[in-house]
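The values are calculated or read from the model by the stated rules, or taken from the named source; none is laboratory data. It should be emphasised that the depicted structure is a prediction, and the values quoted were computed from it without experimental measurement. Here the Cβ is made from the backbone with ideal geometry for all residues, glycine too, and neighbour counts use every protein chain on show.
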Amino acid sequence: MKIAVLGATGLLGHHAARAIKAAGHQLLLIHRPSSRIERLGYLDAESHATGLFDQAGLSRALRGIDGVIFCAGHYPTRPRRWQEEVASALDQTNHFYAACLAAEVPRILYVGAAIALPRHPQGLPGHEGLFYEGMPRWRNPYLLCKWALDEQAREQARNGLPVVIGIPGMTLGEFDVGPSTGRLVTAIASGAMRRYVPGPRNWIDAAEAGRGLLLALLKGRAGERYLLTGENIQLAELTARIAAQLGVGAPKPIPLSLAKGAALVGRLRYRLSGRLPLLDDTAIAVMAGGQFLDGSKARQELGFVAEQSLDVTLARTIQWFRENGYIGR
């Protein structure tokens, strides 16, 4: 099969691309002209440069493929009004879905985020059947972007596009060039993260997540969500184990109300000075919006089970960050 990946320079996209090659499929990388695609040269993949808002260019790139994994999700990085962030996110994916329709792509996987699911009302691990009743009340840009994109993907499926939704847990691993979730590691290593908001998480090894995304594309049912989970863990334990492997002191807990206050101060400082805040709204959403996750649906329908241990993943991740100059040796 010929499978395309959008967003392969990011953590999840890179590992999805590796999983596609490992499974023996033909790989097509669709990327922005400015992307540093040379990092993926070792995969020996076909590549096509086009802008994400270039609908005609995307249609040409997608023509003749058997499936596509969309990992180029919107990620707010600067303090902006939530309405602007949501509009930007939906605009980008609207062009993508229109291009898929024009190219008659037979299988589409949208990579979503677990924060798009509300917390289980009984405090149990979250599952694919949880939905917000209307718009979430917390007007956090990151939360609302992921909620709106999840709604959009399911609406596209209801309208006939073969869209499947794959939702990995909190992903850690090599090739996190941003870094994205790897900021948890680099911030603890540098001392920039001295506090955290306590709460439950589900983490998954990036390579396992990439394998799960490929399975969701190949075996998932259109319109359905699939949670790709690793291990449920409290953030207190996760940060302590990261700090232990780094050989530094572990961060201390802070109430969510104080973290939100710090983020507000950071937004005000950004408006006055243009300096990006160390603790922004996206970081607050990631810390505050976690819950344990139930991966039984992906296990039953996709045959997906993550087996990598946290300590092994952390050791590999920290080594990669050190080798690439993100943290000191």
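I need the full set of residues from the stretch 216-249 which are of a type outside the set (A, V, I, L, M) and without any contact (Cβ under 8 Å) to a residue 40 or more places away in the chain, in order please.
Within the stretch 216-249, Gln234, Glu237, Gly247, Gly249 meet the criteria.
Condition check ((1) of a type in the set (Lys, Arg); (2) more than 22 Å from the chain's Cα centre (by Cα)) across all residues:
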position	(1), (2)
Arg36	yes, no
Thr50	no, no
Asp54	no, yes
Gly57	no, yes
Ala61	no, yes
Gly73	no, no
Arg81	yes, no
Counting only residues in the stretch 295-329 that are under 29 Å from Glu224 (Cα atoms) and hydrophobic (A, V, I, L, M, F, W, C), the one surrounded by the fewest Cβ atoms within 10 Å (Cβ to Cβ) is identified as Val305
Of the residues in the stretch 77-95 that are hydrophobic (A, V, I, L, M, F, W, C) and either surrounded by fewer than 20 Cβ atoms within 10 Å (Cβ to Cβ) or touching a strand residue (DSSP E or B) at 6+ places or on another chain (Cβ under 6 Å) (or both), the one that is modelled with the lowest pLDDT is Trp82
Considering residues that are under 29 Å from Ser309 (Cα atoms) and not in a helix (DSSP H, G or I), the number found within the stretch 150-196 is 25
Going through (1) among the polar types (S, T, N, Q); (2) assigned to a helix (DSSP H, G or I); (3) surrounded by fewer than 20 Cβ atoms within 10 Å (Cβ to Cβ) one by one, Ser47 fails only at (2)
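If you go through the stretch 80-90 one residue at a time, do you hit one that is assigned to a loop (DSSP other than H, G, I, E, B), of a type in the set (D, E, K, R) and within 29 Å of Trp138 (Cα to Cα)?
Initially, the stretch 80-90 is screened for residues assigned to a loop (DSSP other than H, G, I, E, B), giving 80-81.
Now narrow it down to the ones that are of a type in the set (D, E, K, R): 80-81.
Then keep just the ones that are within 29 Å of Trp138 (Cα to Cα); that gives 80-81.
Within the stretch 80-90, one or more residues are assigned to a loop (DSSP other than H, G, I, E, B), of a type in the set (D, E, K, R) and within 29 Å of Trp138 (Cα to Cα).
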Worksheet entry | Verdict on Phe96 being assigned to a loop (DSSP other than H, G, I, E, B) and touching a helix residue (DSSP H, G or I) at 6+ places or on another chain (Cβ under 7 Å) | no
Is one or more of the residues making up the stretch 54-76 among the acidic types (Asp, Glu), free of Cβ contacts under 8 Å to residues at least 60 places away in the same chain and either surrounded by 22 or more Cβ atoms within 10 Å (Cβ to Cβ) or not in a helix (DSSP H, G or I) (or both)? yes
